[in-house]
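These notes are about the structure you will find just below.
What follows is calculated from the coordinates using simple rules that are stated; it is not laboratory data. The structure presented is a predicted model; accordingly, all values stated were derived computationally and were not measured. Cβ atoms come from the backbone with ideal geometry, glycine included; neighbour counts cover every protein chain shown.
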Amino acid sequence: MKRPIAYVAGTGRGVPKRVMTNHDFAALGLETSHEWIVERTGIVERHIASDTETTCYMAADAARHAMARANVAPGEIDAIILSTATADRLLPATAVDLQAELGARRAAAFDISAACTGWIYGMTVAEGLMHTGVAETVLVVGSEKMSAIVDWKDRSTCVLFGDGAGAAVLKRSKPHAREGILSAYMRSDGTLAELLWRPSGGAKIPFSETVLGDRSSYVRMAGREVFKHAVRSMSDACDRALDGAKLRGDDIDILIPHQANVRIIEATAKHANIPMNKVYVNVDRYGNTSSASIPIALDEAVETGRVKEGTTALMVAFGAGFTWGSMIVRF
Ligand code: COA
């Protein structure tokens, strides 16, 4: 396969208005502190969606910005891929709500469930659709309302997450173009699923009084274990993406990692031999927005001029599953 096949024509983000700081957890009666959260994670504040700011609402906001930047009308979109761990309802996919909301009448629409790695998975699937000729223009969105699935009584998880959406419009590359996806890598290990999961609330253990009582439909996480795997897997994924594009750490202008924890980001950058001044970090302002985190960061980097024509970006993610993956894109 000769790359590039697909390039990023536009990016956007959709972020809830309300900001919740670390200090605001005291009002919930949680025994935590701003100092603890900042020291362990780098997070200072996160956005929290209101009832009307649904996963679809935030996705549409991000998508409209990306489509405007790409100068793409709804009718030109061939496929909508929405990655989310927080679907607005279980059937049908939230992607079809987005399709209806945007009026993208010609588009196929489906959700991807790969947790924090979902947007990288989605971008890779989109590239595949272009390779086979099924699609020319694909909207890839990560939208997450994590506040709806975290346990607000569990200080070891609820302080980590935030809400938001990010999007990119991918278009088929012109022959001999230099810009576009240069490499992509995806992996998973389901033997470790129970280190970061929602035990109940699905078809296997449906909602019941018991489930509500034991709070087992909320996110549960073995933080230390997840931390170790995240560093190892994201480091591996950086190597694979660099190998795939025949590039070295020095060739990368900007690293845009999944924003879960600044210590994980620092360890990943060190492994890839990329100095921190080339790493985009916004986890302090958003917390972990799961699969929305990379496209939100990318959009901010575009807006502030850190990603511009000619920039080579390495994106790398890790999440529940476990899933992990990476991608190098030249803009
Ligand atoms: N405020 C205050 N104390 C807290 C706390 C909070 N919000 N959350 C946990 N603690 C306490 C624990 O109860 C524990 O207390 P104990 O020693 O009395 O039992 C202590 O802090 C240490 O907990 P531990 O879990 O070992 O801390 P840690 O240094 O591993 O940091 C995380 C915890 C969650 C920040 C860290 O493990 C992490 O970031 N893991 C990865 C999470 C992640 O990014 N997940 C998403 C991947 S996509």
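Computed values, structure above
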read-out: Between the range 262-325 and the range 97-142, the alpha-carbon center distance in angstrom; value: 21
read-out: Positive dipole terminus of the chain, leading residue within Leu90, Ala222, Thr124 (C-beta point charges); value: Thr124
read-out: Rounded if a/c under 1.5, otherwise prolate or oblate - the range 1-125, Cα gyration tensor axes; value: prolate
read-out: Highest-fluctuation residue, Asp250, Asp154, Asp236 considered, GNM on the chain with Cα pairs under 10 Å; value: Asp250
read-out: The range 6-172 - charge dipole about Cα centre, Lys and Arg +1 at Cβ, Asp and Glu -1, debye rounded to 20; value: 400
read-out: DSSP bridge orientation in the range 33-185 - percent antiparallel, rounded to nearest 5; value: 45
read-out: GNM result for the chain, Cα springs below 10 Å: residue of Leu196, Leu314, Leu182 fluctuating most strongly; value: Leu196
read-out: Positive-pole candidate from Met146, Gly10, Asn22, dipole of the range 6-172, charges at beta carbon; value: Gly10
read-out: Longest DSSP-loop-exposure-free segment, GluC sites (Glu not before Pro), the chain, at most 11 other Cβ within 10 Å; value: 32-308
read-out: Likely footprinting exposure, Trp119, Trp197, Trp324, fewest C-beta neighbours within 10 Å first; value: Trp197, Trp324, Trp119
read-out: Long pairs among Lys246/Lys270; Lys145/Lys171; Lys174/Lys270; Lys270/Lys308; Lys246/Lys308; Lys171/Lys278, criterion Cα-Cα beyond 29 Å; value: Lys174/Lys270
read-out: Total formal charge among the other residues, if their Cβ is under 11 angstrom from that of Ile256, Lys/Arg +1 and Asp/Glu -1; value: -1
read-out: Proxy reagent accessibility, fewest Cβ within 10 Å first, across Asp189, Asp88; value: Asp189, Asp88
read-out: Ser147, Ser326, Ser50, Ser183 arranged by Cβ crowding within 10 Å, fewest neighbours leading; value: Ser50, Ser183, Ser147, Ser326
read-out: The chain, helix-only ellipticity at 222 nm - DSSP H runs n ≥ 4, -39,500 (n - 2.57), divided by all residues, nearest 500; value: -9500 deg cm²/dmol
